[in-house]
Amino acid sequence: MLCRLYIYSLFIPLEAFIKLGPLRLESYRVLLIIGFFTWLKKGTSDSLHSILVCFVLFSGFSLVVNHGIAAALPPSGILFLEVCTSYMLGAMYVRNRRDHEKYFKLLAKLYMIIAIPAFIEFSTGFKVIHTFFEQITGNIQLERVLYTDAYIRFGFTRTTATFSHPILYAISSVTVIPIILAINKNNKSSLFTYLISLSGLITAIITAVTSAALIGIALQESFKKWYRIRDKIGGLKQVITSSIYLAMIVIQFTSNRGLVKFLAMSMTLDPSTAYYRTLQWEFTADDIANHLYFGIGNNEFTHPAWFMPSIDSYWLLNILQFGLFSQMAVLYFFAQMIKKTFITSSSAENMELLLAYRVLVISVMFLGLTVDFFDRMQPMLYFIFGTSAWLFKEEKLKNANKTISKR
């Protein structure tokens, strides 16, 4: 029940909250607090969760260095809830294939439910869901810039639906799509079932009008095809891999932007947005170099007065805020996630899910160059990562039993 409620809560708009002193309590955070005590009672953990705990500890220590203990506690606690506890909710409550399918189908249904108001917002500009919750709660939270012409592309309004920004609406759907595709393939679903289950997710990508989501899907499908054919192409595999590395080296040393900036600028439909993101990397470079180990915390980075103090990259913001140790910890988590998906399984269904998680993690790493996973995106992302724990555990037990039987 807690897991189901938590999934529902991720789709409740940011207008629905109460203030408890300096803390802003939203329904998903309340459920994460309950989830934290549930986790303490069960005492379950795994190696990936331990890495995330290290990530939060390094981040929290950075905040202590920059702001002192009292100021560091609230944001550190929220980070722990949204990363570690969210991951463990997925790991604790998704214990087998049936649970896994049930909760991901629920996610797909919720995207279907918000698809109609999303299309209304897309075509008329009227933010149905946010306006409804503003009238009920009296809280106006959505940035006013989202109502301006800056968020109209090709004559349509970039849709937020229940999220606080169009890009979060689109990218969140990208994290669900590969798993839904794998579930449908394992169930040998009909074309109609495929289309229905993906309808709400595809609506998010279309109506948010963001290139990042399209690139995310393209990356997932490209890597999926690569992993499926690489064992069949023999010696060509080394040639293709070497060519990709060579292209990356050429971009790095011949482009005036470098590889990371080149990728960040390529993931946008708006040239001005691309240029703005390049400036973010340039303006933060000195602050990162001067505060390499512990970052600058919640202080503003050095920038001209006309430049907005926001960062549109998960990786850039993390190293800027929390420093090198925090960045290394979260990168190690992603690397270990990918490594675990390379387990060889005797089950075709499990192999399909392992591949789905692999391309998901890889695409998220690329998207993190040009998107910050803020608001509900962060807890949702780590919850989805947590739903893979049963799969890794099942395959680990199978391999252990095979080893014992051979002795």
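Just the number: Rg to Rh for the stretch 281-321, Cα atoms, Kirkwood Rh, two decimals.
0.91
Taking a threshold of 21 Å on the Cα-Cα distance, which of the pairs 188/339; 224/340; 188/393; 102/188; 225/339; 109/185 fall above it?
From the list (188/339; 224/340; 188/393; 102/188; 225/339; 109/185), the Cα-Cα distance tops 21 Å for 188/339; 188/393.
Of 274, 298, 364, which is farthest along the charge dipole of the stretch 273-407 in the positive direction, counting Lys and Arg as +1 and Asp and Glu as -1 at C-beta?
Most positive-ward Cα: 364.
Which percent of Cα pairs goes in each bin when the distances of the chain are cut into 10 angstrom slices starting at zero?
Percent of Cα pairs in each bin: 4, 20, 32, 29, 12, 2, 0.
Looking only at 152, 167, 311, which one moves most when the chain is put into a Gaussian network model with springs between Cα atoms under 10 Å?
Of 152, 167, 311, the most mobile in the Gaussian network model is 152.
Could you work out the helix-only [θ] at 222 nm for the chain, with each DSSP H run of four or more residues adding -39,500 (n - 2.57) and the total divided by the number of residues, to the nearest 500 deg cm²/dmol?
When only DSSP H runs of four or more count, the value is -22500 deg cm²/dmol.
Quick one: length gained pulling residue 140 to residue 191 fully straight, 0.36 nm per residue minus the C-alpha distance?
Extra length from residue 140 to residue 191 when fully extended: 14.2 nm.
In what sequence do 127, 41 fall when counting other Cβ within 10 Å, fewest first?
Final ranking by Cβ density, sparse to dense: 41, 127.
Which value in Å does the Kirkwood hydrodynamic radius of the stretch 353-397 take, with 1/r averaged over all unlike C-alpha pairs and then inverted?
Its Kirkwood hydrodynamic radius stands at 11.6 Å.
Sort 158, 98 so that the residue with the fewest other Cβ atoms within 10 Å of its own Cβ comes first and the one with the most comes last.
Listing 158, 98 from fewest to most nearby Cβ atoms yields 98, 158.
Could you compute Rg(Cα) / (2.2 N^0.38 Å) for the stretch 288-396, with N its residue count?
Relative to the 2.2 N^0.38 Å estimate, the stretch 288-396 comes out at 1.30.
Whole number please: convex hull volume per residue, Cα atoms of the stretch 105-180, in Å³.
Looking at the stretch 105-180, the number lands at 95 Å³ per residue.
Throughout, read-outs are computed from the coordinates displayed, never taken from laboratory work. Keep in mind that this is a model prediction, so the values were computed, not measured. Positions of Cβ are backbone-derived with ideal geometry, glycine not excepted, and every protein chain shown enters the neighbour counts.
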